[in-house]
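The values are calculated or read from the model by the stated rules, or taken from the named source; none is laboratory data. Keep in mind that what you see is a predicted model, and the values were worked out from it rather than measured. Here the Cβ positions follow ideal geometry from the backbone for every residue, glycine too, while neighbour counts run over all protein chains shown.
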Amino acid sequence: MARLKQIESFVATAARGSLTAAAQAEGVAPAVIGRRIDALEERLGVKLLVRTTRRISLTPDGAAYYEHSKRILADGEESDACFHEASVEMPHSQAGPGIAPFRNDAQERLQDEVSRPESAMGDGKTRTFPTSARP
C-alpha cells in the first residue's frame, strides 16, 4: 500500500508541478508528499525530481518513471471501474458479453492459483494454500 501511495504522490506532484498542489489534491500536508517521494527515490535508487524553492522539474529518470506510472495507475482505475460497473449495475448472471467472460476468466485464474499446490516459483517444493474462508 505504501508503494502505491508513493507512486500516486509522485504522479500528482509531477502532473501539478508542486508538492503543495499535490498535497491539496490528496488532502494531506506537503511534508507528507515530500516524504513519500523521498522514500520512492530511496527505494528506486534514483532521483526523480529536481526540487528548488520555486519549482519542481523531472529528471530524465523521473520523466520515464512518470509516463510508466501514469499508465499503471490508469490501468488500475480502468480495472476497478470495469468490475464496479459489472457488480453494481447488474448481477453477474446478467453481465453483458464484454464483462461476463472477463470476470469468469479472472475468477477461474484466481481459483487455479489458490488450488494449485505447486510453487509458482518453480523451485520444485510443494506448498499448500488455504482455500476456505476464515471462520
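Out of all the residues in segment 69-97, which are among the hydrophobic types (A, V, I, L, M, F, W, C) and either modelled with pLDDT of 80 or more or part of a helix (DSSP H, G or I) (or both)?
Passing the criteria: 72, 73, 74, 81, 82, 83, 86, 88.
Of (1) part of a helix (DSSP H, G or I); (2) within 12 Å of residue 14 (Cβ to Cβ); (3) not charged (D, E, K, R), residue 57 satisfies all except one. Which?
Result: residue 57 fails condition (1) only.
Do you know which residues across segment 32-82 are basic (Lys, Arg) and in contact (Cβ under 8 Å) with a residue 40 or more places away in the chain? It would help to see each step written out before you state the result.
To start, the set of residues in segment 32-82 that are basic (Lys, Arg) comprises 35-36, 43, 47, 51, 54-55, 70-71.
43, 70, listed by residue number.
Among the residues of segment 37-57, is there at least one that is of a type outside the set (A, V, I, L, M), under 22 Å from residue 77 (Cβ atoms) and more than 16 Å from the chain's Cα centre (by Cα)? Break it down stepwise before answering.
Of all residues in segment 37-57, those of a type outside the set (A, V, I, L, M) come to 38, 41-43, 45, 47, 51-55, 57.
Imposing the further condition that a residue be under 22 Å from residue 77 (Cβ atoms) reduces the set to none.
Taking every residue of segment 37-57 in turn, none turns out to be of a type outside the set (A, V, I, L, M), under 22 Å from residue 77 (Cβ atoms) and more than 16 Å from the chain's Cα centre (by Cα).
When the residues of segment 16-36 are narrowed to those that are closer than 20 Å to residue 76 by Cβ and of a type outside the set (A, V, I, L, M, F, W, C), which ends up surrounded by the most Cβ atoms within 10 Å (Cβ to Cβ)?
The extreme case among them is 36.
With the requirement that a residue be aliphatic (A, V, I, L, M) and within 17 Å of residue 70 (Cβ to Cβ), what does segment 14-32 give you? Give the derivation first.
Of segment 14-32, the ones aliphatic (A, V, I, L, M) are 14-15, 19, 21-23, 25, 28-29, 31-32.
Hits for segment 14-32 are 14, 15, 21, 22, 25.
Could you tell me which numbered condition residue 13 fails, if it satisfies all but one of (1) surrounded by 14 or more Cβ atoms within 10 Å (Cβ to Cβ); (2) in a strand (DSSP E or B)?
Evaluating residue 13 over (1) surrounded by 14 or more Cβ atoms within 10 Å (Cβ to Cβ); (2) in a strand (DSSP E or B) leaves (2) as the failure.
With the structure loaded, tell me whether residue 32 is at pLDDT 95 or above, over 17 Å from the mean Cα position of the chain (by Cα) and in a helix (DSSP H, G or I) or whether it fails that test.
So residue 32 passes the test.
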